[in-house]
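This report refers to the structure that appears directly beneath it.
The values are calculated or read from the model by the stated rules, or taken from the named source; none is laboratory data. Worth saying up front: this structure is predicted, and the values here are computed from it rather than measured. All Cβ positions, even for glycine, are placed from backbone atoms using ideal geometry, and neighbour counts span all protein chains on display. Ligands, DNA and RNA are excluded from the accessible area calculation, which covers all protein heavy atoms including side chains. Shrake-Rupley method; radii C 1.70, N 1.55, O 1.52, S 1.80 Å.
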Amino acid sequence: LGNGGSTLHALRCLEEQYGDQWTSFTVLLIHSGGYSQRLPSASALGKIFLALPFGDPAYQMLELKLAMYIDFPRHMKPGVLVTCSDDVELFSTGVTDTIAFDRPGFTALAHPSDVAVGTTHGVFVLDPCSFSGKGGAEYASCHRFLHKPDVETMRRSGAVWVRGGGPQLGSPGSCTHPGTASECVYTDSVFYMDHGTAKQLLLFYKQVGTLGCEIDAYGDFLQALGPGATPDYTRNTRNVTKEDSGLVEVRQQLYSLLQGTALNVIVLNNSQFYHIGTTQEYLFHFTAESKLRLELDLQPVAFSIFPDTANILGRSSIIHSVLEPGCVVGPGSVIEYSRIGPEVSVGKSSIVSGCCINFRVEIPPGCCLSSVSVTLNGRVHYVTMVFGVGDDLKRSVQLLSDVRSLRFFGASFPDCLHLWSLEASGQLFSSEDTRLGLWTARIFPVCSTLSESVRMSLKMLDSVQHMSPFKLSAFQLLSVEEMLAYKDVEDMLKFRKQIYDEICLQRQKSDFRM
């Protein structure tokens, strides 16, 4: 359904559960993360429950969101505040500044960002006469909204601003030094819709009935707003995960419905927008000298057992995990919700999530290793996905002959299949349509224990790195798509609770000895 379809569905659930009473509610609606194909370690439980490297016990993204928005409800009329789960908005406002969500229609927050950031987010085309660019927060008039535009479109639309000699902003599009850091655009993050607008969208959802396509709450709602909005975007499917035949028609209906609705923008001049939705962003913000790490005081070790004899090489992030003496963790790596044995070496810039590794192994650099509990035929089993942090899990092809263009940990995917004694056939992929890719490839062994599933997946990877055969044909194999369909959330949380209890017990013993 996309996050737009899920927004409409959530509104319907509110009405079904509370009737007319929901018209008086102020609602926080968070998209929990979708498939999370660019950060697969968060796919099973959602990016909103991503563990953060601070707090005792460690905070999750949900708690950070609640802390950031804690002052909003007191200045909000009944309506819905919509936000994603993989971004952090930090801002400072003046003593007299108020961020109020009390106007009809839509109200969105805007943040000054580098032009490159605008290509992967929403960008506001603001009226230069409506705000000064000074102070903490100010309302501005918005001419139109662009969704993931290219740089040329941003310049042509007047969305690019030039910072002057200080906090003052020059006029939009007047790029005296093209390509320099002085240029910025105003990007989106959180938006609010008043109850009247939410009810209008809910009525549309009821009339449409079953949605047969993916709707984007940002691209398909906000692009219809502002006096400069045009219906051209309704036919642009460049950013759609899966293109469906009815998409253009639904977009056009939404455009007709929302055209003329107010788009109010609150410009947060002194703010920072951080995105943590990809493996590279995740590793950078949690382990490198990023601004976010400094501003939130992110810790190298958060709520974990970390003996002195465990060897951390450089800056890494250990969250809600148990590390045994003798293990080695390379620089720039993140370990979360895992148990790492004494003979384990984790290579640099790797992600290890939800794993139990109690055997001797060297995990190569740049590895994303994530275990998922699944229920098959009424019994709990375990599957561990393994990828390179740079692998493109969103990429897919339509023909089996094009599978050769896919890469797994830098190697040709057909070469990997040959090493694993698998064939590139229709049965290899779980997708019912023609989306053939790493996401839908049945290549991960189903095992009876958590540690064994990690061992088998690492043997898969080792065979690719050393070009040595490792036969997978004897195993029951699942794709990541199937792992999510069969996931057993309760069992995954049970493992996390076991680690939690062990950390608490070790601390009690330590306190008792002291």
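Details
- Taken over segment 425-434, the residue count meeting the criterion of being open to solvent by less than 20 Å² (accessible area, probe 1.4 Å) and either of a type in the set (Val, Ile, Thr) or part of a strand (DSSP E or B) (or both) is 1.
- When the helices (runs of 4 or more DSSP H) confined to segment 122-235 are screened for residues that are surrounded by fewer than 20 Cβ atoms within 10 Å (Cβ to Cβ) and modelled with pLDDT of 90 or more, those reaching at least 3 such residues are found at 151-157, 195-208.
- Of the numbered criteria (1) open to solvent by less than 20 Å² (accessible area, probe 1.4 Å); (2) touching a residue at least 60 places away in the same chain (Cβ under 8 Å), the one VAL329 fails is (2).
- Within segment 57-101, being among the charged types (D, E, K, R), part of a loop (DSSP other than H, G, I, E, B) and modelled with pLDDT under 95 holds for ASP71, ASP86, ASP97.
- The condition of being surrounded by 17 or more Cβ atoms within 10 Å (Cβ to Cβ) and of a type outside the set (Val, Ile, Thr) holds for only one of LYS65, LYS77, that being LYS65.
- Extreme residue, least open to solvent (accessible area, probe 1.4 Å), among residues of segment 7-40 that are over 28 Å from MET483 (Cα atoms) and touching a strand residue (DSSP E or B) at 6+ places or on another chain (Cβ under 8 Å): LEU11
- Checklist (1) open to solvent by less than 60 Å² (accessible area, probe 1.4 Å); (2) more than 21 Å from GLU362 (Cβ to Cβ); (3) in a helix (DSSP H, G or I) applied to LEU422, failing item: (3)
- In segment 63-78, the residues that are over 17 Å from PHE91 (Cα atoms) and touching a residue at least 12 places away in the same chain (Cβ under 8 Å) form Cβ pairs under 8 Å with partners that are part of a helix (DSSP H, G or I) and of a type in the set (Gly, Ala, Ser), at six or more places apart or across chains, as follows: PRO78/SER24.
- Flag for PRO53 being in a loop (DSSP other than H, G, I, E, B), more than 30 Å from GLY135 (Cα to Cα) and open to solvent by 20 Å² or more (accessible area, probe 1.4 Å): no
- PRO307 at pLDDT below 95 and either crowded, with 20+ Cβ neighbours inside 10 Å or not in a strand (DSSP E or B) (or both): yes
- Verdict on GLY437 being loosely packed, with under 15 Cβ neighbours inside 10 Å and under 22 Å from the mean Cα position of the chain (by Cα): no
- LEU417 surrounded by 12 or more Cβ atoms within 10 Å (Cβ to Cβ) and of a type in the set (A, V, I, L, M): yes
- Residue within segment 258-265 that is small (Gly, Ala, Ser), open to solvent by less than 40 Å² (accessible area, probe 1.4 Å) and assigned to a loop (DSSP other than H, G, I, E, B) present: no
- Scope segment 41-50; condition open to solvent by less than 60 Å² (accessible area, probe 1.4 Å) and part of a helix (DSSP H, G or I); matching residues: SER41, ALA42, LYS47, ILE48
- Annotation note: Cβ proximity below 6 Å between a residue of segment 123-142 that is closer than 19 Å to ALA229 by Cα and among the aliphatic types (A, V, I, L, M) and a residue that is open to solvent by 40 Å² or more (accessible area, probe 1.4 Å) and part of a strand (DSSP E or B) (sequence gap 6+ or interchain) occurs for VAL125/HIS143; VAL125/ARG144.
- Checklist (1) closer than 25 Å to LEU283 by Cα; (2) touching a residue at least 60 places away in the same chain (Cβ under 8 Å) applied to ARG435, failing item: (1)
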